[in-house]
Structure formats: C-alpha cells, structure tokens
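Working notes, beginning with the structure itself.
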Amino acid sequence: DSPESAQRELQIIFGQHGVQLISSTIGCTCCVIRPHALKEGNAGKIIRDIVKNQFEITGAVMANLDLATAGEFLEVYRNVVPDYPEMKQQLASGPCLALELRKDDAVTAFREFCGPRDPKVAKQIRPNTLRAKYGSDVVMNAVHCTDLQEDAELETEYFFTLLDQ
C-alpha cells in the first residue's frame, strides 16, 4: 500500500540487507532457483539460506523460459555435460527465479555454498550446501550457479537485461 510498507515487508523476508528488484550486473554472481525447487516450495528456504550466509541479494526476477531460451542460457554446457538436454528441459519446465548476489569473491563463494553439482555427492561431502539440502539429482539440483568469474556478468545480464527486452 506504500513504499514504506513494501520496504518493511522486504526487510521481514530478506533481513536487514533487503533486496533491490533491479540489478546492476557488475561485481556479482548469478543464482537461478530451478523450476522444480520452486514447485517443491523451497524458494523461501533457499533465499533464507543465501541471506543467512551473508550474500546480498541485489536483483531478483521471475522468468518462464521456453526450450530455446533455456538452451541459449545453458549453451556453454551443450557439449560438456551428457545431461544437457535434460538440464534444458528442466529449466524450461516452469518458472524459475534468478537472483543477482553480491559478496566478496561472489562467484567462488557462491559456487562453494551451492556444493557439488550432484546432490548425492554433496550430501556425502558437503551436507550443508544448497544442493545437498534441496537437490535430488544432477538435473534437479535446486540451483544453477555461475561457474566462472568471466561468466558472472553475462549470466546476470541475460536475466536482468536481455530477457527484459
């Protein structure tokens, strides 16, 4: 009902750091909460864990990707991982939530916080990671995270600039 009320509600949900709904895409990393994690009701828990681990959410956008768009976003994995077609299908299976995150050395810090790509491995060696807690298999591993520093700006621009056009 007012900007002040919205700010109070954002602080309740996201803590003292709050959230901006417009990203700047520089000096950040990208997190995509996958459609299956949203359908399972885990988005709030994942966001809570992200904020609790001192990441600042500086952008948030919901997106519905079709197969072509999901394939475009995941293109770097096309000839790298054998389950690329399944990854693309999962990302296009419903809405996803893209987050722009900031922290010192955000890309490396968030990759470590996500844990190994395979949740079964993550549960064994890094049980407190996002994928260990909310993933079920390599394709449905709860979250996508930026792999390389040089890709961070491209991935956030993809969701916050290109898809918005």
request  = Could you figure out which of (1) surrounded by fewer than 22 Cβ atoms within 10 Å (Cβ to Cβ); (2) modelled with pLDDT of 95 or more isn't true of residue 151?
outcome  = (2)
Some residue of the range 111-118 being of a type in the set (Asp, Glu), modelled with pLDDT of 95 or more and open to solvent by less than 60 Å² (accessible area, probe 1.4 Å) = yes
remark   = The condition from (1) modelled with pLDDT under 95; (2) among the polar types (S, T, N, Q); (3) over 19 Å from residue 147 (Cα atoms) that residue 42 misses is numbered (1)
remark   = Going through the range 92-115 in order, the residues found to be outside any strand (DSSP E or B) and within 10 Å of the chain's Cα centre (by Cα) are 110, 114
request  = Residue by residue through the range 133-159, note down the ones that are outside any loop (DSSP other than H, G, I, E, B) and of a type outside the set (D, E, K, R).
outcome  = 134, 143, 144, 145, 149, 152, 154, 156, 158, 159
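Yes or no, residue by residue, for (1) over 17 Å from residue 159 (Cα atoms); (2) free of Cβ contacts under 8 Å to residues at least 12 places away in the same chain:
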residue: 56; (1), (2): yes, no
residue: 64; (1), (2): no, no
residue: 74; (1), (2): no, no
residue: 78; (1), (2): yes, yes
residue: 85; (1), (2): yes, yes
residue: 88; (1), (2): no, no
inquiry  = Pull out all pairs, ordered by first then second residue, where Cβ-Cβ is under 8 Å, the residues are six or more apart or on different chains, the first lies in the range 145-163 and is closer than 23 Å to residue 115 by Cα, and the second is of a type in the set (A, V, I, L, M, F, W, C) and part of a loop (DSSP other than H, G, I, E, B).
reply    = 152/28; 153/26; 153/28; 156/28
request  = Can you tell me which residue among 16, 11, 89 is open to solvent by 10 Å² or more (accessible area, probe 1.4 Å), at pLDDT 95 or above and over 16 Å from the mean Cα position of the chain (by Cα)?
outcome  = 89
task = Could you tell me whether any residue of the range 120-142 is crowded, with 22+ Cβ neighbours inside 10 Å and under 20 Å from residue 158 (Cβ atoms)?
result = yes
message = Please determine whether any residue of the range 54-70 is among the acidic types (Asp, Glu), out of contact with any Phe, Trp or Tyr (no Cβ under 8 Å at 6 or more places or on another chain), at pLDDT 95 or above and open to solvent by 50 Å² or more (accessible area, probe 1.4 Å).
response = yes
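The values are calculated or read from the model by the stated rules, or taken from the named source; none is laboratory data. It should be emphasised that the depicted structure is a prediction, and the values quoted were computed from it without experimental measurement. Positions of Cβ are backbone-derived with ideal geometry, glycine not excepted, and every protein chain shown enters the neighbour counts. Ligands, DNA and RNA are excluded from the accessible area calculation, which covers all protein heavy atoms including side chains. Shrake-Rupley method; radii C 1.70, N 1.55, O 1.52, S 1.80 Å.
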